[in-house]
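The structure appears below as structure tokens.
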Amino acid sequence: MTSPSMSGDLKIIPVSSQAELERFIRVPMRLNARDPNYVAPLLFERREALSPKHNPFFEHAEVQFWLAVRGGKDVGRISAQIDSLCREEPGKPTGQFGMIAAEDDPAVFQALFATAEAWLKARGKTHVMGPFNLSINEETGLLVAGFDTPPFFLMPHDQPYVGARVEELGYAKAKDLFAWYTGVPTFPKAVDKRLARPMGEGVVFRPVDKKHFERDIKALVEIYNDAWADNWQSVPITVSETKYMKDSLGFILKDGLIWFMEIDGEPAAFGVMVPDLNWIARDLGGKLFPFGWAKLLYRLKIGKIPRFRVPLMGVKRKFAKDPRGILAPFRIIRELRDQAVKYGMTNTECGWVLEDNRPMNHIMENLQAVPYKTYRIYEKAIG
């Protein structure tokens with residue numbers, strides 16, 4: 001086990017026990033306690049997401065967590081990870097950082113990042129990029145604009161000072177990501193008119209088939225990995241990771257909110273919409289006992305849910321320029337929208353979307369959405 005790094009009374013301690021992991025999870029809860037827009041994550045979900053025993057991300061990644069401790073109090077945290085599925089630029093071996101949260105103290109940030117960078121350098125990395133919590137397929141980016149509203153589920157929330165502290169350490173922008181916000185998605189009249197026509201021969205739209213769920217999960221993974229294969233920093237998602245997300249968060253899925261488009265008998269596109277768990281669990285403080293489960297289940301099963309998010313969508317590249325495939329995102333969003341309205345949806349978040357992904361950003365504009373939050377990925381040479 002690595003010895004604690006020290007600076008005065010500040011110590012950087014590697015997380016090596018369940019008790020330390022519990023402290024690691026709770027650091028942002030204390031730091032953001034006075035922020036009305038912060039929503040504490042469900043503790044049981046975080047324990048599983050950061051556990052090698054539960055999250056299959058650890059099957060293809062090496063991960064280390066650290067706590068910053070001063071005067072017996074946890075004042076910060078960070079992770080470093082090396083994902084074997086990440087594609088590296090030739091001659092630029094790159095590791096990642098994530099899970100950054102700390103008091104507004106340059107010394108704490110400097111000690112945390114120095115420790116993470118040293119860990120990555122010892123493993124042959126010459127560059128570092130992040131934050132990824134823990135993967136680009138999970139929570140991604142540091143909030144740099146849009147602090148005045150609460151985040152949707154699986155989107156980060158950071159304090160305004162964090163970006164400045166990261167940049168002071170030599171980190172520069174690699175890419176920005178947009179989160180798009182709208183009410184009930186609506187389409188321009190021309191799109192609505194086109195969607196009212198038959199989609200063309202060989203096109204089938206259908207919701208996920210519960211009787212053949214395993215088959216559909218494999219189809220979803222196939223479409224997703226193909227659709228985003230050329231996307232910046234894309235990492236393929238595995239079937240086991242998809243199953244894990246379904247098993248750990250399946251309780252929030254609502255009927256009719258996973259849709260597929262098939263073209264000539266081949267799964268060609270899909271879309272997923274989920275209720276905003278942050279809104280549902282907004283007042284639980286991350287805890288489900290003694291009464292949190294009752295509130296959660298009531299709001300999920302009986303109450304109206306106003307906020308939904310579209311976290312996943314994709315069209316296979318071979319169909320991206322096919323007239324039938326071009327309209328697939330609009331048709332899928334329409335189906336998801338019509339179902340979510342039945343559950344009470346009045347607000348929708350779509351994304352995130354890379355700042356230079358013109359086709360997806362154009363689709364968002366057509367949905368009358370606005371880019372209301374910006375998340376930033378940073379990078380730095382450490383070799």
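Return the total of residues in region 119-132 being crowded, with 23+ Cβ neighbours inside 10 Å and either among the hydroxyl-bearing types (Ser, Thr, Tyr) or within 20 Å of Arg26 (Cβ to Cβ) (or both).
Selection size over region 119-132: 1.
From Ala68, Ala80, Ala101, which residue is in contact with a Phe, Trp or Tyr (Cβ under 6 Å, 6 or more places away or on another chain), in a strand (DSSP E or B) and surrounded by 15 or more Cβ atoms within 10 Å (Cβ to Cβ)?
On the way: Ala68 fails: in contact with a Phe, Trp or Tyr (Cβ under 6 Å, 6 or more places away or on another chain); Ala101 fails: in contact with a Phe, Trp or Tyr (Cβ under 6 Å, 6 or more places away or on another chain).
Sole residue among the options that is in contact with a Phe, Trp or Tyr (Cβ under 6 Å, 6 or more places away or on another chain), in a strand (DSSP E or B) and surrounded by 15 or more Cβ atoms within 10 Å (Cβ to Cβ): Ala80.
Find the residue count for region 162-176, including only residues that are more than 13 Å from Ala145 (Cβ to Cβ) and in a strand (DSSP E or B).
Number satisfying all stated conditions: 3.
Okay, residues lined up against (1) of a type outside the set (Gly, Ala, Ser); (2) touching a strand residue (DSSP E or B) at 6+ places or on another chain (Cβ under 6 Å); (3) in a strand (DSSP E or B); (4) not assigned by TED's automatic domain parsing to the domain that holds Val370:
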| position | (1), (2), (3), (4) |
| --- | --- |
| Ala111 | no, yes, no, yes |
| Lys125 | yes, yes, no, yes |
| Ile136 | yes, no, no, yes |
| Val144 | yes, yes, yes, yes |
| Thr149 | yes, no, no, yes |
| Phe152 | yes, yes, no, yes |
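Only one of (1) assigned to a loop (DSSP other than H, G, I, E, B); (2) closer than 21 Å to Pro41 by Cβ; (3) modelled with pLDDT of 95 or more is not met by Ala179, so which one is it?
The number of the failed condition is (1).
Pick out the one residue from Trp228, Trp180 that is of a type in the set (Phe, Trp, Tyr), crowded, with 19+ Cβ neighbours inside 10 Å and touching a Cys at 6+ places or on another chain (Cβ under 8 Å). Break it down into steps so the answer makes sense when it comes.
Numbers: Trp228 fails: touching a Cys at 6+ places or on another chain (Cβ under 8 Å).
Unique residue meeting the criteria: Trp180.
What are the pairs with Cβ atoms under 8 angstrom where one residue, in region 131-143, is among the aromatic types (Phe, Trp, Tyr) and the other, located anywhere, is in a loop (DSSP other than H, G, I, E, B) and surrounded by fewer than 21 Cβ atoms within 10 Å (Cβ to Cβ)? Sequence gap at least six, or different chains.
Close Cβ pairs satisfying both conditions: Phe132/Glu138.
Quick one: which of Ala107, Ala116 is in contact with a strand residue (DSSP E or B) (Cβ under 9 Å, 6 or more places away or on another chain), crowded, with 22+ Cβ neighbours inside 10 Å and at pLDDT 95 or above?
Numbers: Ala107 fails: crowded, with 22+ Cβ neighbours inside 10 Å.
Being in contact with a strand residue (DSSP E or B) (Cβ under 9 Å, 6 or more places away or on another chain), crowded, with 22+ Cβ neighbours inside 10 Å and at pLDDT 95 or above holds for just one of Ala107, Ala116, which is Ala116.
Name the residues in region 207-253 that are touching a residue at least 60 places away in the same chain (Cβ under 8 Å) and in a loop (DSSP other than H, G, I, E, B), would you?
Scanning region 207-253 gives Trp228, Ala229, Asp230, Asn231, Trp232, Gln233, Ser234, Val235, Pro236, Ile237, Thr238.
From (1) in a loop (DSSP other than H, G, I, E, B); (2) buried (at least 19 other Cβ atoms within 10 Å of the Cβ), pick out the condition that doesn't hold for Val310.
If we test Val310 against (1) in a loop (DSSP other than H, G, I, E, B); (2) buried (at least 19 other Cβ atoms within 10 Å of the Cβ), just (1) comes out false.
Looking only at region 331-382, which residues are in contact with a Pro (Cβ under 7 Å, 6 or more places away or on another chain), closer than 19 Å to Pro188 by Cα and of a type outside the set (D, E, K, R)?
Within region 331-382, Ile333, Thr346, Asn347, Thr348, Ile363, Asn366, Leu367 qualify.
The values are calculated or read from the model by the stated rules, or taken from the named source; none is laboratory data. What you see is a predicted model; the values in this text were computed from it and never measured. Here Cβ is always computed from backbone atoms with ideal geometry, including for glycine, and neighbour counts include all displayed protein chains.
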